[in-house]
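A short write-up of the structure that comes next.
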Amino acid sequence: AQSVTQLGSHVSVSEGALVLLRCNYSSSVPPYLFWYVQYPNQGLQLLLKYTTGATLVKGINGFEAEFKKSETSFHLTKPSAHMSDAAEYFCAVSHSGNTDKLIFGTGTRLQVFP
Amino acid sequence: KAGVTQTPRYLIKTRGQQVTLSCSPISGHRSVSWYQQTPGQGLQFLFEYFSETQRNKGNFPGRFSGRQFSNSRSEMNVSTLELGDSALYLCASSVSGDQETQYFGPGTRLLVL
């Protein structure tokens with residue numbers, strides 16, 4: 001069975017500081033991994049995804065994530081936080097095998113202070 | 001290209017009623033998935049439709065059902081509403097499924113009184 005664990009339901013950073021949101025996954029098959037962002041009263045927007053190939057994935061808005069198989073991790077980072085990054089972030093793993101079922105983590109709410 | 005659209009955006013119902021939510025996928029997308037988002041349970045997969053057939057189903061009671069039309073538009077129905085059904089219902093579409101990127105709509109917020 002596949003699962004996702006996001007460590008830290010809330011993360012607070014100062015504007016300009018490094019953003020690090022943690023995600024660990026469990027999967028019996030090579031995973032497809034995703035990070036989505038949700039702004040208040042909106043749906044989910046894809047930030048980036050890992051399927052195969054390069055383990056460092058660059059996404060939108062300056063975010064990137066690195067797939068580390070040995071650590072079963074897919075942490076999301078951004079070198080310098082911006083006020084507009086304040087939102088909820090979800091890590092997800094794709095259920096394999098001819099289906100698009102996504103299994104989500106519980107989410108991390110990012111606060112950015114001036 | 002227009003994104004995923006969901007109607008209505010907000011809905012208020014009372015216990016025991018039924019509700020139908022609609023989702024129009026991105027043009028050319030044939031897979032539509034539905035998710036329920038609540039503060040307590042987070043994001044949970046409801047079901048996925050592809051070419052008018054339910055291909056996968058989450059762990060929800062039979063009161064939750066759905067269908068997909070030949071134009072790939074999808075509806076989900078919840079019968080005999082309970083207070084705990086209050087949630088944001090998100091629809092996502094992808095080209096053909098199978099671990100592809102899903103694009104989400106803005107959701108329908110359902111409040112059951």
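The values are calculated or read from the model by the stated rules, or taken from the named source; none is laboratory data. Predicted, not measured: the structure shown is a model, and the values here were computed from it. Using ideal geometry, Cβ is built from the backbone for each residue, glycine included, and neighbour counts are taken over all protein chains shown.
Looking at B:LEU88, is it away from chain A (no Cβ under 14 Å) and either in contact with a strand residue (DSSP E or B) (Cβ under 7 Å, 6 or more places away or on another chain) or among the aromatic types (Phe, Trp, Tyr) (or both)? Considered against the rule, which asks whether it is away from chain A (no Cβ under 14 Å) and either in contact with a strand residue (DSSP E or B) (Cβ under 7 Å, 6 or more places away or on another chain) or among the aromatic types (Phe, Trp, Tyr) (or both), B:LEU88 comes out as no. Looking at B:GLN36, B:GLN54, which one is at pLDDT below 95 and out of contact with any Asp or Glu (no Cβ under 6 Å at 6 or more places or on another chain)? Just a single option satisfies the conditions, and that option is B:GLN54.
At least 2 residues being modelled with pLDDT under 95 is the threshold, and among the strands (runs of 3 or more DSSP E) wholly inside segment A:1-41 those reaching it are A:3-7, A:19-26, A:33-38. What about B:LEU21, is it modelled with pLDDT of 95 or more and either among the β-branched types (Val, Ile, Thr) or buried (at least 16 other Cβ atoms within 10 Å of the Cβ) (or both)? Yes. Kindly establish whether B:LEU111 is more than 21 Å from B:GLY28 (Cβ to Cβ), touching a strand residue (DSSP E or B) at 6+ places or on another chain (Cβ under 9 Å) and within 14 Å of chain A (Cβ to nearest Cβ). Judged against the criteria, B:LEU111 is a match.
Among the numbered conditions (1) crowded, with 21+ Cβ neighbours inside 10 Å; (2) under 11 Å from the mean Cα position of the chain (by Cα), the only one that B:GLU75 does not meet is (1). Against the condition surrounded by 17 or more Cβ atoms within 10 Å (Cβ to Cβ) and either within 14 Å of chain B (Cβ to nearest Cβ) or not hydroxyl-bearing (Ser, Thr, Tyr) (or both), how does A:VAL57 come out, does it pass? So A:VAL57 passes the test.
For segment A:42-70, taking the residues that are within 12 Å of the chain's Cα centre (by Cα) and part of a loop (DSSP other than H, G, I, E, B), the one that is modelled with the highest pLDDT is identified as A:PHE63. Would you be able to tell me the number of residues in segment A:85-110 that are modelled with pLDDT under 95 and away from chain B (no Cβ under 14 Å)? Residues in segment A:85-110 being modelled with pLDDT under 95 and away from chain B (no Cβ under 14 Å): 0 in total.
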